[in-house]
Amino acid sequence: MNFTKDFFNLVLDFGDQWVITKIETDHSKLHVYLYLEYCSESYEDPDSLESAKLYDHCELREWRHLDILHYKSYIRCRIPRVKCEDGKVKQVSLGWADKHDRHTFHFEIRVIDLLQITKNQTRTAEFLRCSFRLVNRIIHRCTERGMARRNISKNPFEHISIDEKSFKKGHNYVTVVSHPKSGVVIDVGENRDEKSVNYLLSNIFTKEQSQSVNTVSMDMWKAYMNSVNRNFPNAEVVHDKFHLIAYLNKGIDQVRKREVKYNDVLINSRYAILKNEENLTEKQREKFDLIKSSNFEVSKVWHIRENFKELFEYFNEEKEAEQLLIHWAHDSFMQNIKEVNKIILMFLSHAKGVINALISNLNNAMAERLNGKIQELKLTARGYRTFSNFRSAILFFYGGLSLYPLKW
């Protein structure tokens, strides 16, 4: 047994001040219990690190640790308490676990590693044979730790992206602020109304950072527009290509739904029309070619969208881009399709942001990729019931945070 204790002391490494003194097993439960004791003769105040005197020991407590073979292992320990110079009695610093947790840092590291692989809290909990609540609590703790460690107050943010993401059923959204250059989520705010977005932006950026932001990529949501104008006085709004094309795609689908009632050839044609040509299946291409060469209004809208996409293939000065946009709008209006006319008027009312998109290569491509990854998180988790859980998950996986506990 001495060899066994020496072996575990060597491989588990709880630090020089801690030693395993006893090992128990429960074969019916497949549990191993490792009894840990504080072996140093010196004690210190966990806050000031000043020398302190031993006062007593806490009651025996238990922490979940890494599995040993197919046995779930637990640390059992009576933590020393010290009397400090200020007269207060405090628990000594553990180093191998947070004082509020009932799992070790080694176990927490394993949870983080598995989460990064599975992107799924339920599967991680099942694999480690622990509760979902424990995994969820670790996600929150690691996110808080990472956000506390991250100091972005001195970082220059010349360009940022603001995007919305549906949260749960109904009109429930979160606002995602990301940094395209680094490809990480800066923070996530609840709701997308102007008050909420103002609160989010004012808490993320310092006054100096707000003044240094030159461009903001986003869609035409009024609350975002107003918040950007209020918080970033020197920033130009860029209504990026992806959102603009999305509006036209919506117009295509609206026209298709109207026309399909009278034209059987448009049945089951949604993806054949909306997908990029190079991504069409053979069956979709047959339907697409038939619709494209027809005189349906939906085919006219498809051409309007393609003509708009071509505007991005040229590098233009502002005046040239403005003329291209006006010519495209005029030609599109000539088709006299009511669903598209609304979109054209919206583009013209936000012409400055559209022109900025045409003359720059700034867009929400990275934000859209993050949006796709966040959607994957939602699908894997089968949704999130609370905003705090959703925010922590987004920042845990895509916030570029330092998640791991520091080595003791």
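Criterion first (touching a residue at least 12 places away in the same chain (Cβ under 8 Å), among the hydroxyl-bearing types (Ser, Thr, Tyr) and under 16 Å from residue 152 (Cβ atoms)) does residue 212 satisfy it? In short, yes. Taken as a whole, the condition of being in contact with a helix residue (DSSP H, G or I) (Cβ under 7 Å, 6 or more places away or on another chain), assigned to a helix (DSSP H, G or I) and not assigned by TED's automatic domain parsing to the domain that holds residue 329 applies to residue 230.
Taking segment 370-388 as the range and being in contact with a helix residue (DSSP H, G or I) (Cβ under 7 Å, 6 or more places away or on another chain) and part of a helix (DSSP H, G or I) as the test, the residues that pass are 370, 373, 374, 377, 381. The residue that is farthest from the chain's Cα centre (by Cα), among those in segment 244-266 that are among the aliphatic types (A, V, I, L, M), farther than 30 Å from residue 209 by Cβ and assigned to a helix (DSSP H, G or I), is 265. Quickly run through segment 38-66 and pick out the residues that are surrounded by fewer than 16 Cβ atoms within 10 Å (Cβ to Cβ), out of contact with any Lys or Arg (no Cβ under 8 Å at 6 or more places or on another chain) and more than 17 Å from residue 17 (Cα to Cα). Correct list: 48 only. The residues listed here are 129, 110; of these, the one that is over 20 Å from residue 389 (Cβ atoms) and surrounded by fewer than 15 Cβ atoms within 10 Å (Cβ to Cβ) is 129. When segment 166-221 is filtered for residues that are in contact with a Gly (Cβ under 9 Å, 6 or more places away or on another chain) and of a type in the set (S, T, N, Q), the ones remaining, listed by number, are 175, 182, 196, 203. Any idea which of (1) surrounded by fewer than 12 Cβ atoms within 10 Å (Cβ to Cβ); (2) modelled with pLDDT under 90 is the one residue 24 doesn't satisfy? Evaluating residue 24 over (1) surrounded by fewer than 12 Cβ atoms within 10 Å (Cβ to Cβ); (2) modelled with pLDDT under 90 leaves (2) as the failure. The residue list 157, 167 contains one member that is among the aromatic types (Phe, Trp, Tyr) and closer than 19 Å to residue 235 by Cα, which is 157. Residue pairs whose Cβ atoms lie under 9 Å apart, sitting 6 or more positions apart in sequence or on different chains, and linking a residue in segment 43-67 that is without any contact (Cβ under 8 Å) to a residue 12 or more places away in the chain and among the small types (Gly, Ala, Ser) to a partner that is loosely packed, with under 15 Cβ neighbours inside 10 Å and not in a strand (DSSP E or B), are 51/42; 51/85.
Any idea which residue in segment 187-197 is surrounded by the fewest Cβ atoms within 10 Å (Cβ to Cβ), counting only those that are under 22 Å from residue 389 (Cα atoms) and either basic (Lys, Arg) or out of contact with any Phe, Trp or Tyr (no Cβ under 8 Å at 6 or more places or on another chain) (or both)? Result: 195.
Which of the residues that make up segment 202-228 are within 25 Å of residue 346 (Cα to Cα) and of a type outside the set (Val, Ile, Thr)? The answer is 214, 217, 218, 219, 220, 221, 222, 223, 224, 225, 226, 227.
Among residues of segment 267-301 being among the polar types (S, T, N, Q), closer than 27 Å to residue 346 by Cα and crowded, with 17+ Cβ neighbours inside 10 Å, the one that is farthest from the chain's Cα centre (by Cα) is 299.
Would segment 233-243 turn up any residue that is at pLDDT 90 or above, in a loop (DSSP other than H, G, I, E, B) and surrounded by fewer than 17 Cβ atoms within 10 Å (Cβ to Cβ)? For segment 233-243, residues at pLDDT 90 or above, in a loop (DSSP other than H, G, I, E, B) and surrounded by fewer than 17 Cβ atoms within 10 Å (Cβ to Cβ): present. In segment 387-408, of all residues being of a type outside the set (A, V, I, L, M) and at pLDDT below 90, the one that is surrounded by the most Cβ atoms within 10 Å (Cβ to Cβ) corresponds to 408. Counting the residues of segment 296-315 that are more than 16 Å from residue 274 (Cα to Cα), in contact (Cβ under 8 Å) with a residue 12 or more places away in the chain and either in contact with a Leu (Cβ under 6 Å, 6 or more places away or on another chain) or assigned to a helix (DSSP H, G or I) (or both) gives 2.
So which residues in segment 67-106 are surrounded by fewer than 14 Cβ atoms within 10 Å (Cβ to Cβ) and among the acidic types (Asp, Glu), if there are any at all? Scanning segment 67-106 gives 85, 86. Test residue 217 against the criterion of being over 16 Å from residue 368 (Cβ atoms) and either more than 16 Å from the chain's Cα centre (by Cα) or surrounded by 22 or more Cβ atoms within 10 Å (Cβ to Cβ) (or both), and give yes or no. No. Suppose the filter is assigned to a helix (DSSP H, G or I), of a type in the set (Phe, Trp, Tyr) and over 15 Å from residue 160 (Cα atoms); does residue 224 pass it? Criteria not met by residue 224.
The values are calculated or read from the model by the stated rules, or taken from the named source; none is laboratory data. No experiment lies behind these values; they were computed from the predicted model shown. Positions of Cβ are generated from backbone atoms using ideal geometry, with glycine treated the same way; all protein chains shown enter the neighbour counts.
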